[in-house]
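The values are calculated or read from the model by the stated rules, or taken from the named source; none is laboratory data. Only a predicted model underlies this, so the values are computations on that prediction, with no experimental measurement involved. Reconstructed Cβ throughout: ideal geometry from the backbone, glycine too, with neighbour counts over all protein chains shown. Areas reflect the complete protein model, heavy atoms only, side chains present, ligands, DNA and RNA absent. Shrake-Rupley method; radii C 1.70, N 1.55, O 1.52, S 1.80 Å.
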Amino acid sequence: MRRKKDKFEPALQDLKNALEAAAIVAVTDPQGVITYVNDKFCEISKYSREELLEQTHRIINSGFHTDEFFREMWDTIASGRTWRGEIRNRAKDGDYYWVSTTIVPSLDEHGRPQHFIAVRHDITERKAAEKRLDLYKNVVLNTRDSILITESEPLDEPGPRIVYINPAFTAMTGYTPEEIIGRTPRILQGPKTDRGKLDQIREALKNWQPIRIDLTNYRKDGSEFEVEFDIVPIADETGWFTHWVSVQRDVTDQKNFERRLRDNEAKYRVLFEQNPYPVIVVDAENHRILEANRSALDLYGYRRDELLRMTALELRPPEDVPAYLETMRKIGADETAHLIRTRHRQKNGSPIEVEITSFKTVYEGRPARYVILQDISERRRLEDIVAQELREKIDILESIKQAFIFFDRDWRIIYLNPAAEKLGHRPAFELVGRILWDEYPHTAETTIGKRLRLAMENREEAFFEEYYAPLGYWLDVSAYPRENGLAVFYHDISERKQNEQSILEKNQLLEQTYDAIFIWNLDDGIVSWNQNAERLYGYTAREAVGRESHLLLRTVNLRPSSDALEKLRKKGFWEGELIHTTKSGEEVIVESRRHLIRRDGDNIVVLETSRDITERKQLENKLARAAQLSLVGEMAAGLAHEIKNPLAGIKGVIDIILQRRPAEDTEREVLESVRHEIERIDRTVRELLRQSRPKPLEIKVTSLNETVLRAVQFASHQNGGKTASGAKAVTRLALPKTLLLVPHDSSGVEDAVLNLILNAREAVKNREKGEIAVRLRKPKKGAREVVIEVVDNGCGIPKEKFEQIFVPFYTTGEGGTGLGLAAVRRIARAHGGSCEVRSTVGKGSTFSLRLPYDPRYSP
């Protein structure tokens, strides 16, 4: 046995040396720790032997393969079986390389692995070639030219069999792959197929030579078409020709056009001259221009005789002439049409870009080329604009902070911007061209993946927020279907969601408080709204969130402060009393406190609490009014003794003097005026007494028509119906024809109506034509109140003063006591009625005195 070992040891050493030289070798212990690497391993990984030993293969893991891939590998070798596969690794400098790997376990006598030997071969170039092959396949599949591949033999019947056609071939001929693969190209031939050209093809194939030729072929439906094709042989790695590849183009229209030109010179001339495209005929040998149509003359700006003395070389910039001559040399006598883009010059020297289609023809017995030109300068300019716009759009997508990714209809990633690279922790070059579900397999089962599929399938836009577990983010996603795929914008809102959760937790505590509490910020309006806010204001959280609080609640400051927001920014706190309007339109007075809870640059987040103090404020107002009335009573008691008795004496003296004066005495008017002022003072004193201790009402069922009439008549005698400024006010009375018998104190109601009329006179004093209307309205059927209206076209009253004018001593007129309207409301309420006002500043006012009405008393 020893001799046998000695005998084979040199051979084994040679085998080891050969393996070391040809392959990448590594040995690991059963836990995967590297115990040996050869020089080729160090060379391809760019790590030194010292850096690799005692490490695992994770040091060169590229992250390309899944955990399941490596788990299957370890399960195989751990069970004592050999594993083979292809792995992409990453070198120390970050470059990726592919290796074909065979891992062989070395087993002990119990069948347990002692160590693993990994033999690898560098296949990076092969993988790159496969990638290029995929690219070539895409080109073949998407080219407009028809491609046909056949076996190389036999040339005789039945001919070489078809092994491949591309989609363009099916579009051209109508034959599907299932119908034509396995048959020969002779299925395309028919009665008009030129046998001579078929012989040319056979001869070229026989000598393994490429050939270009045109032929008449037949589609599946029997229709004929002209086809131009190139046939080239394809050899294998040994140099043996195994297949023929034919690239075909449908030139039916072109051939028909050529035939029409050759068949009818007259028609040719008409078409030539009237062709909207510029056309010239160029001598194939000396490049002289032999003919040009009107459009060509217009394009270049030459006269016909000028252009016909020129060559095609002179139409080009000098630097382009060599390229033109080389193109003409290659074309030679080729009869097929050629499409060329080049530059020409007009007579005035202006450059233009033209697209040229040229083909062989004969002109007056000389070989020539028929050249159709199209000025594409404007099109190229527009293409440049479109390209610039596209570049700008890409620049925008590159610069926006939102992540953006675009998928085609097969979920292949076409583009993603830097923000998407950063958010997904993957560079674009790793993802572009890859399928989303392959690169992020867990995405398909997430809610985001399902929503994106629905958006693509239903062609409907989708907007949603969802947690994406594979990356651990909350994402705000906007998906926009397009004809060729799906555009998706998304960004990380995890921080916002955390803040919302924090706010929600705080809200749960705030819901337990009595006060209305809501949170708002300058950018988004109201973001939180508790149940007490719903109860106080009537708006649900759904109705309130997103609205600006001051607009929603029509906030009015009881003590306006323009710098309230600035104080909130500086001090972080503000408090005051506000008037808010509920959803039903009711105004409530609230005690408001605002706390600054967060600042985000110019934006601030504010916690506002509101407590309804409407009843408290109303009670305070009532107490203030009671204090006023108490003061009125005290004043009235004093005035009764100090003023009333002297006034009675003065009035008596005036009456005596008036009796002694003859009617024509000029001083009577002065005395009458004094007597009127004494009576006004007396009424004021009496009103003060009524405010302090109102006398009991003497309610009787009497005619309300007569009470209103007496008040109007009495008012007409006051200063002759004039205002205090002396202006005449027209007073109109409207009474119903029906007598209204209403239980009322006729004296009190008369005084109330008189007060309203006198106030109306003051309101119209500055009008050129003051008008006052006094109306007693007949109640509608079933109504339980009767209304007396006093309407004027005077200065009007601001809405905010509607309540103040009924407060004792509040007056807006010169010389007024402020007691008249207070007395009117007191008299109305004493009857169980009310007094109301409607007014528009600058247009006038309407005061309505409402009294209870019982239709049983009226006839």
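For the reader, a short list of remarks on this structure follows.
- Total residues in the range 807-834, condition modelled with pLDDT of 75 or more and either within 57 Å of the chain's Cα centre (by Cα) or of a type in the set (A, V, I, L, M, F, W, C) (or both): 8
- Against the numbered list (1) more than 29 Å from E800 (Cβ to Cβ); (2) loosely packed, with under 14 Cβ neighbours inside 10 Å; (3) touching a Gly at 6+ places or on another chain (Cβ under 6 Å), D602 comes up short only at (3).
- Number of residues in the range 70-95 that are over 51 Å from the mean Cα position of the chain (by Cα) and charged (D, E, K, R) equals 3.
- Test: residue in the range 386-408 that is assigned to a helix (DSSP H, G or I), modelled with pLDDT of 85 or more and surrounded by 15 or more Cβ atoms within 10 Å (Cβ to Cβ): no
- Here V753 passes the criteria (1) crowded, with 23+ Cβ neighbours inside 10 Å; (2) in a loop (DSSP other than H, G, I, E, B); (3) of a type in the set (A, V, I, L, M, F, W, C) except the one numbered (2).
- Condition met for P10 (part of a helix (DSSP H, G or I) and either modelled with pLDDT under 90 or surrounded by fewer than 17 Cβ atoms within 10 Å (Cβ to Cβ) (or both)): yes
- Any pair with Cβ under 9 angstrom, 6 or more apart, that starts in the range 51-71 at a residue that is closer than 12 Å to Y36 by Cα and ends at one that is modelled with pLDDT of 90 or more and among the charged types (D, E, K, R): E51/K92
- Counting only helices (runs of 4 or more DSSP H) that sit completely within the range 291-365, those holding 2 or more residues that are hydroxyl-bearing (S, T, Y) correspond to 294-300, 321-331.
- Scanning the range 414-449 for residues that are out of contact with any helix residue (DSSP H, G or I) (no Cβ under 9 Å at 6 or more places or on another chain), within 16 Å of A479 (Cβ to Cβ) and outside any helix (DSSP H, G or I) yields I414, T446.
- Taking each residue of the range 300-321 that is over 22 Å from R341 (Cα atoms) and looking for partners that are charged (D, E, K, R) and in a helix (DSSP H, G or I) with beta-carbon atoms closer than 9 Å, six or more apart or interchain, yields R304/R294.
- Scanning the range 337-359 for residues that are surrounded by 12 or more Cβ atoms within 10 Å (Cβ to Cβ) and in contact with a Ser or Thr (Cβ under 8 Å, 6 or more places away or on another chain) returns A337, H338, I340, I352, E353, V354, I356, F359.
- Looking across the range 96-109 at every residue that is of a type outside the set (A, V, I, L, M) and within 21 Å of V33 (Cβ to Cβ), the one that is nearest to the chain's Cα centre (by Cα) is identified as T101.
- Note on the range 450-526: no enclosed strands (runs of 3 or more DSSP E) hold 2 or more residues that are of a type in the set (G, A, S), open to solvent by 70 Å² or more (accessible area, probe 1.4 Å) and modelled with pLDDT under 85.
- Verdict on A533 being modelled with pLDDT of 85 or more, of a type in the set (A, V, I, L, M) and assigned to a helix (DSSP H, G or I): yes
- Candidates are the residues of the range 835-854 that are farther than 17 Å from V774 by Cβ and open to solvent by 60 Å² or more (accessible area, probe 1.4 Å); the one that is farthest from the chain's Cα centre (by Cα) is K843.
- Of everything listed in (1) modelled with pLDDT of 75 or more; (2) open to solvent by 50 Å² or more (accessible area, probe 1.4 Å), the single unmet condition for A724 is (1).
- Note on the range 543-563: residues that are in a helix (DSSP H, G or I) and either surrounded by 15 or more Cβ atoms within 10 Å (Cβ to Cβ) or modelled with pLDDT of 90 or more (or both) amount to 4.
- Positions within the range 311-326 being among the hydrophobic types (A, V, I, L, M, F, W, C) and open to solvent by less than 20 Å² (accessible area, probe 1.4 Å), in sequence order: A312, L315
- The residues in the range 60-111 that are of a type outside the set (A, V, I, L, M), crowded, with 17+ Cβ neighbours inside 10 Å and not in a strand (DSSP E or B) can be counted, and the count is 0.
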